[in-house]
Amino acid sequence: MNSKFLLIAAICSSPFFTKVNNGEDVIKLMYKKYAGKWSRTLTFDQTTEIYRDTSKKVQTWHESILYPDKLRIDIEPVADENAAIYRGDSTYSIRNGNLHAASANENDFIFLLGGMYFYPLDKTIERLTTRGYDLSKMGEDTLNGKPVYIVGASARNEQVSQLWIEKDDLYLVRMIKYNKKSKFDAICGSYIKIGKGATETKVTFYVNDKLRQVETYYNCKLAPDIDPGIFDPQHYKKIIYKN
C-alpha cells in the first residue's frame, strides 16, 4: 500500500472529515462548529452608505445584538431618538423617541449571522426550509478567490434563494433571496474573530442587481452585560444610548 493511499485513508477516517452531499450537510457542519460557542451578544458602530439612483447619503448607526433574535439600531444624531428594533418576527420603528410603526417582518440576517446557533438543529433546518432555501441542493464555486458551498442551488446562476458559505471557516459570505418581483443580494466580508465566533465587518447590499447600501462596522465588542430592556419598544424612552 503506497503512502499516498495511506494518507487519503487516514483523512477519510478522521472524525473531522465529513462528506458533504447537500445543503443540509453544510448547515450541519456550521452547527457542529459553532453551536454552543457563538457569542450571544455584540455591539458595534457602523458607517452606512445609502445609494438611491444618483444620490448617496452617509449615516452613522450604533447597533446592539442579543442572539438569537434581537437587534437594535440607533441612528445619529442619537439625541433625535430615531431607531429601529427587530425582535422575534416583528420590526419596530422609533421616531423622535416614540413608537412610530410596527410590522410583522423577520430579519433573516440576525438568524443567518449567529441566531441559528441558539436553536436546536432541527428547528434551524426547518426555518431555513420555510424561508425558501432548498437544502437538498448544493453547488460549489468561489468568491473573492476562496472556495464556497452554495446552499439551495446547484450553481450561482440559478434564480433561487441561496446561501454562500465559505468552506474553511464556514462563514456566510453571500445571501441571495428571490421574492416574487425582486432579487435581494447581500455580500458579507472582512470577518474578524470575536469570542469563540466571528462577525463580518463589511456588508454590501444590492436590490435587482443595483447597489443600494454599504455597511462598514467598527468598534466591534462583546456585551455580556447588555440590558435586554433596550430591545423593548414600549420602554424606549427609558433607555439612554451609551457609546
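The values are calculated or read from the model by the stated rules, or taken from the named source; none is laboratory data. Keep in mind it's a predicted model, so treat the numbers as computed, not measured. Cβ coordinates were reconstructed from backbone atoms using ideal geometry, including for glycine residues, and neighbour counts include every protein chain displayed. Note: accessible area is taken over every heavy atom of the protein model, side chains too, but ligands, DNA and RNA are not part of it. Shrake-Rupley method; radii C 1.70, N 1.55, O 1.52, S 1.80 Å.
If you go through region 57-66 one residue at a time, do you hit one that is of a type in the set (Gly, Ala, Ser), farther than 26 Å from Ser154 by Cα and under 15 Å from the mean Cα position of the chain (by Cα)? First the steps, then the outcome.
From region 57-66, those of a type in the set (Gly, Ala, Ser) are 64; that's our starting set.
Going one step further and asking which of them are farther than 26 Å from Ser154 by Cα, we end up with 64.
Cutting the leftovers down to under 15 Å from the mean Cα position of the chain (by Cα) gives us 64.
Within region 57-66 (the criterion being of a type in the set (Gly, Ala, Ser), farther than 26 Å from Ser154 by Cα and under 15 Å from the mean Cα position of the chain (by Cα)), the answer is yes, since at least one residue qualifies.
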Practice problem: Give the residues of region 190-211 that are of a type outside the set (S, T, N, Q) and either buried (at least 16 other Cβ atoms within 10 Å of the Cβ) or assigned to a loop (DSSP other than H, G, I, E, B) (or both), sorted by residue number. | Solution: Tyr191, Ile194, Gly195, Lys196, Gly197, Ala198, Glu200, Val203, Phe205, Tyr206, Asp209
Practice problem: Please state which one of Asp134, Asp108 is surrounded by 17 or more Cβ atoms within 10 Å (Cβ to Cβ) and at pLDDT below 95. | Solution: Asp108
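Can you name the residue in region 144-177 that is in a loop (DSSP other than H, G, I, E, B) and among the hydrophobic types (A, V, I, L, M, F, W, C) and is also surrounded by the most Cβ atoms within 10 Å (Cβ to Cβ) among such residues? Reasoning before the result, please.
Going through region 144-177, the residues in a loop (DSSP other than H, G, I, E, B) turn out to be 144-145, 152-161, 167-171.
Subset that is among the hydrophobic types (A, V, I, L, M, F, W, C): 153, 155, 160, 170.
Numbers: Ala153: 22, Ala155: 11, Val160: 14, Leu170: 17.
Per the criteria, the residue is Ala153.
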Self-check item: Those residues of region 121-130 which are open to solvent by 70 Å² or more (accessible area, probe 1.4 Å) and of a type outside the set (Lys, Arg), in sequence order
Solution: Asp122, Glu126, Thr129, Thr130
Quiz item: Which condition breaks for Leu66 when tested against (1) at pLDDT 90 or above; (2) over 23 Å from Val214 (Cα atoms)?
Solution: (2)
Quiz item: If you go through region 185-197 one residue at a time, do you hit one that is modelled with pLDDT of 95 or more and over 16 Å from the mean Cα position of the chain (by Cα)?
Solution: no
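With the structure loaded, tell me whether Lys180 is free of Cβ contacts under 8 Å to residues at least 24 places away in the same chain and in a loop (DSSP other than H, G, I, E, B) or whether it fails that test. Quick ask: steps written out before the conclusion?
Details: free of Cβ contacts under 8 Å to residues at least 24 places away in the same chain: yes; in a loop (DSSP other than H, G, I, E, B): yes.
Yes: the conditions hold for Lys180.
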Quiz prompt | Test for Lys221: is it without any contact (Cβ under 8 Å) to a residue 40 or more places away in the chain and under 17 Å from the mean Cα position of the chain (by Cα) | solution = no
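I need a count of the residues in region 92-149 that are aromatic (Phe, Trp, Tyr) and touching a Phe, Trp or Tyr at 6+ places or on another chain (Cβ under 7 Å).
Step one: list which residues in region 92-149 are aromatic (Phe, Trp, Tyr), which gives 92, 109, 111, 117-119, 133, 149.
From the residues that got through so far, the ones that are touching a Phe, Trp or Tyr at 6+ places or on another chain (Cβ under 7 Å) too are 117-118.
The qualifying residues number 2.
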Practice problem: Can you run down the residue pairs with Cβ atoms below 7 Å, 6 or more apart or on separate chains, where the first is in region 142-164 and among the hydroxyl-bearing types (Ser, Thr, Tyr) and the partner is in a strand (DSSP E or B)? | Solution: Thr142/Val148; Tyr149/Met138; Tyr149/Glu140; Tyr149/Ile165; Ser154/Gly139; Ser161/Ile176; Ser161/Lys177; Ser161/Tyr178
Self-check item: Cross-chain or 6+ apart pairs with Cβ under 6 Å, region 23-40 first and in a loop (DSSP other than H, G, I, E, B), then open to solvent by 30 Å² or more (accessible area, probe 1.4 Å) and basic (Lys, Arg)
Solution: Lys37/Lys196
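Out of the residues in region 84-101 that are among the polar types (S, T, N, Q) and surrounded by 15 or more Cβ atoms within 10 Å (Cβ to Cβ), which is nearest to His62 (Cα to Cα)?
Kept after step one, since they are among the polar types (S, T, N, Q), are these residues of region 84-101: 90-91, 93, 96, 98.
Of the ones still in play, those that are also surrounded by 15 or more Cβ atoms within 10 Å (Cβ to Cβ) are 90-91, 93.
Values: Ser90: 20, Thr91: 17, Ser93: 15 Å.
Among them, the one singled out is Ser93.
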